[in-house]
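The block underneath contains the structure these notes are about, expressed in structure tokens.
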Amino acid sequence: MTLKPWPTILFSMKPFHLYLILCLTVPATNALVQDLSIKDEIVRIANHPKTVNWLKKVRREIHEYPELAFEEFRTSALIRRELDEMGIEYRWPVAETGVIAKVGTGLSPFVALRADMDALPIQEMVEWEHKSKTDGKMHACGHDAHVSMLLGAARILKNLQDSLRGTVVLIFQPAEERGGGAARMIQGGVLENVEAIFSIHTAYLYPTGTVASRPGEFLAGCGVFKAQINGRGSDAAIPQRSFDPILAASASIISLQNLISREADPLDSQVISVSKFHSGSTYDVIPDSATIGGTFRAFRKKSFSILKRRIGEVIEGQAAVHRCSSKLDFFEEECALIPPTINDERIYNHAHKVSVEIVGEKNIHLAPAVMGSEDFAFYLDQVPGTLLLIGVRNETVGSVHPQHSPYFTVDEDVLPIGAAIHANFAYSYLINHT
Ligand SMILES: [Zn+2]
Ligand SMILES: [Zn+2]
């Protein structure tokens, strides 16, 4: 792990030794602490062996019992158990399993930190002591580490409570993978009075001890669609009697690609991928209907909504050309379209500054924009904020596999780093905005 070293003064002055021993139970209000910079204090608490062991224990417990979207009951109970232990108040349930905790004065300004709790329907292939105990479910996206890091931040901030200049809202949300959790948490009032929001996601491409992000457009908006094209079946040897839905669906797929190659600005990246095509069941019958489906992505909100409208128009038009009808579904009732993740420049700069204090300037990367998506974007649609990627790559512990791989694992050395960045972000935001 490459947290910046504690200042040597810590080790050369006797009274600090005593403070080190008491740090996890004594609020940071005495005169000694005021001589320390807050950053050093945050790193010291995060890096304390007691904290590190606890962070690992929490992450491993969550890892052993992964739960899917809106079923995170055990994970939620674990979070509440730890918050109770720390004496931190919370509201629950929000969005079925979500928890909203608060640390600080209870007064403005309010700044929010967010972690997601859900796992994936994947069979874990990593053989280790704390492997998933639930067949077919796995924390393959690092959300177990996200919860642990946010609980770590809660612990640090609770230690610094008496010097907090406002309120930190800790958001533990369900169902990121399905994309509905953030929106439901917002409906539950989680952003009430919140001025700024911050979240961390683990990233296997970056080594442990480094972080990456970018201002502005970072991750794409994401939508899915399904179109049922209804025609008229017939004997395949007498095609003139049919309204061929397979031909209509095929023409739709070709025309959808033209939206990207002929209508979209080449400098405004967009994607349409048709990844499903189901029709027919035999060789000599033209079926009555065909179903296609896929995903579409864009970085700019306007491009995203134009793309959605044009997908509908193209499929409807191509179906009509081939004497068929179409029924389109964007699944907005089950799960709203995920907007693009756009990092607010001012909050990005704040996150950059506090990250430099924890990992050092040379360990900060400017991340490229990518076509993936994150439901953290729902919060960013309402309040300024930023998403930060935190490196977990470490060849020696095998954390080199991508998110959603059955071999995915995190380097647990990331836990105190993430906890420290979370806490530093919130603490210094409140200091700068009172
Ligand atoms: Zn994921
Ligand atoms: Zn994730």
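Over the chain, what is the percentage of antiparallel beta bridges among all DSSP beta bridges, to the nearest 5?
Of those bridges, close to 65 percent are antiparallel.
Would you mind putting 147-155, 275-283 in packing order, based on average other-beta-carbon counts within 10 Å, highest first? Mind showing how you got there, number by number?
Numbers: 147-155: 27.8, 275-283: 11.6.
Output ranking for 147-155, 275-283: 147-155, 275-283.
When a/c reaches 1.5 or more, the comparison of a/b and b/c decides; with that in mind, is the chain rounded, prolate or oblate per its Cα gyration tensor?
The shape class here is prolate.
Extent of the range 302-377 along each principal axis, from alpha carbon coordinates, in Å, largest to smallest?
For the range 302-377, the Cα extents along the three principal axes come out at 64, 23, 18 Å.
Give the Debye-formula value of log10 I(q)/I(0) at each listed q (0.12 Å⁻¹), with one equal scatterer per alpha carbon of the range 222-368, two decimals each.
Per q value, in the given order, log10 I(q)/I(0) is -0.61.
Show me 95-102, 386-393, 186-193 ranked by packing, highest mean number of other Cβ atoms within 10 Å first.
My ranking of the peptides, most packed first, is 386-393, 95-102, 186-193.
Give the peptides 175-182, 224-231, 398-405 in descending order of average Cβ contacts within 10 Å, highest first.
175-182, 224-231, 398-405
Read the figures in this text as sums done on the coordinates, not as results from a lab. Just so you know, these numbers come straight off a predicted model, no measurement behind them. Methodologically, a virtual Cβ is constructed for each residue, glycine included, from the backbone with ideal geometry; neighbour enumeration extends over all protein chains shown.
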